[in-house]
Amino acid sequence: MEKLNAQCAKCPYPVQDRLCRTKDGKSPPFCPTKNKSDLIEKCLAEYQKPDVLEFAKQSSIQEGEGYGQKELGYAHVKPITPRILEVIQFARRMNYTRLGLVFCVALRKEAKIVEKLFSSKGFDMVSVICKVGQVPKELIGIKDEEKIAIGSFETMCNPILQALLLNSEKTEFNVLLGLCVGHDSLFFKYAEAPCTVLAVKDRVLCHNPLGAIYNIDSYYRYLKQPD
């Protein structure tokens with residue numbers, strides 16, 4: 001039998017009719033819920049690990065409590081919790097007391113507010129800016145014309161050091177605020193504690209990258225053109 005890649009984004013069925021949501025639901029040929037029973041069994045075994053099970057359980061509880069009016073039925077539920085409050089609530093559910101905050105220098109004002117808020121909620125905070133370490137960009141092979149400030153000394157973003165510092169401080173849960181594409185990936189790779197994202201970097205859309213998706217047929221239609 002031909003192996004098909006998972007292509008959930010291309011599923012043609014209404015969400016309420018999909019196999020992943022409904023018993024005896026419909027599924028296209030590339031449906032991983034139908035085709036990947038071996039991986040489903042493997043993941044279920046992982047969920048039996050006590051620390052993973054508790055994390056998954058509290059995550060699902062947090063998801064459910066982010067909605068109100070559930071007693072009126074699914075058609076009436078409404079979101080009631082902004083993400084920053086969800087981060088606080090989830091950290092409390094997991095009994096975390098020491099949080100790490102890694103942020104971009106461009107979001108230093110926002111980071112100061114977030115750190116103050118988390119601290120006011122009783123968390124022991126460790127925060128690290130992206131430019132920590134004062135490592136020049138030349139060290140990783142960046143040419144002068146590839147800098148933002150051409151002709152000047154420029155320190156590189158240092159997500160590996162951000163991760164190592166939080167690891168050394170024994171943070172229990174790390175919160176990312178506006179790290180660049182790629183830098184966030186390196187932080188995830190080297191961080192030892194679980195991580196979540198409060199906001200991602202989008203220099204054009206005020207850190208709301210879905211703005212381009214919502215306007216893909218109007219202002220951002222050029223994105224659909226061939227490269």
Seminar exercise, completed: When segment 188-213 is checked residue by residue, the ones that are out of contact with any helix residue (DSSP H, G or I) (no Cβ under 6 Å at 6 or more places or on another chain) and assigned to a loop (DSSP other than H, G, I, E, B) are A193, P194, V200, K201, D202, R203, V204, C206, H207, N208, P209
Seminar exercise, completed: F188 meets each of (1) under 29 Å from R93 (Cα atoms); (2) without any contact (Cβ under 8 Å) to a residue 60 or more places away in the chain; (3) in contact with a Lys or Arg (Cβ under 9 Å, 6 or more places away or on another chain) with one exception, condition (3)
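Out of I216, I113, report the one residue that is open to solvent by less than 50 Å² (accessible area, probe 1.4 Å), aliphatic (A, V, I, L, M) and outside any strand (DSSP E or B). Full working, then the answer.
Working: I113 fails: open to solvent by less than 50 Å² (accessible area, probe 1.4 Å).
Result: I216 is the single residue among I216, I113 that is open to solvent by less than 50 Å² (accessible area, probe 1.4 Å), aliphatic (A, V, I, L, M) and outside any strand (DSSP E or B).
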For this session: Could you grab the pairs with beta carbons closer than 8 Å, sequence gap of 6+ or different chains, first residue in segment 81-99 and in contact (Cβ under 8 Å) with a residue 60 or more places away in the chain, second one part of a strand (DSSP E or B) and open to solvent by 70 Å² or more (accessible area, probe 1.4 Å)?
Result: T97/D124; R98/D124; L99/D124
For this session: For segment 1-39, enumerate the residues that are assigned to a helix (DSSP H, G or I) and either over 26 Å from A75 (Cα atoms) or not hydrophobic (A, V, I, L, M, F, W, C) (or both).
Result: K10, Q16, D17, P32, T33, K34, N35, S37, D38, L39
Problem set entry | Cβ-Cβ under 8 Å pairs, at least 6 apart or on other chains, segment 25-52 side open to solvent by less than 50 Å² (accessible area, probe 1.4 Å), far side among the hydroxyl-bearing types (S, T, Y) | G25/Y13; S27/Y13; S27/T33; P28/Y13
Problem set entry | Residues (under 19 Å from the mean Cα position of the chain (by Cα) and more than 20 Å from T155 (Cα to Cα)) located in segment 102-119 | E110, V114, E115, F118
Exercise. Quick one: would you say S120 is over 20 Å from F188 (Cβ atoms), at pLDDT 95 or above and among the polar types (S, T, N, Q)?
Worked result: yes
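Identify, from the list V87, V52, V102, the residue that is in a helix (DSSP H, G or I) and within 26 Å of C206 (Cβ to Cβ). Give the derivation first.
On the way: V52 fails: within 26 Å of C206 (Cβ to Cβ); V102 fails: in a helix (DSSP H, G or I).
Residue meeting the stated conditions: V87.
Checking the conditions here, which among Q7, Q89, Q69, Q58 is touching a His at 6+ places or on another chain (Cβ under 7 Å) and open to solvent by less than 100 Å² (accessible area, probe 1.4 Å)? Spell out how you get there, then give the answer.
Values: Q7 fails: touching a His at 6+ places or on another chain (Cβ under 7 Å); Q89 fails: touching a His at 6+ places or on another chain (Cβ under 7 Å); Q58 fails: touching a His at 6+ places or on another chain (Cβ under 7 Å).
So the residue among Q7, Q89, Q69, Q58 that is touching a His at 6+ places or on another chain (Cβ under 7 Å) and open to solvent by less than 100 Å² (accessible area, probe 1.4 Å) is Q69.
The values are calculated or read from the model by the stated rules, or taken from the named source; none is laboratory data. Computed from a predicted structure; not experimentally measured. Quick reminder, even Gly has a Cβ in these numbers, built from the backbone with ideal geometry, and neighbours come from all protein chains shown. These area figures cover heavy atoms from the full protein model, side chains too; ligands, DNA and RNA do not enter into them. Shrake-Rupley method; radii C 1.70, N 1.55, O 1.52, S 1.80 Å.
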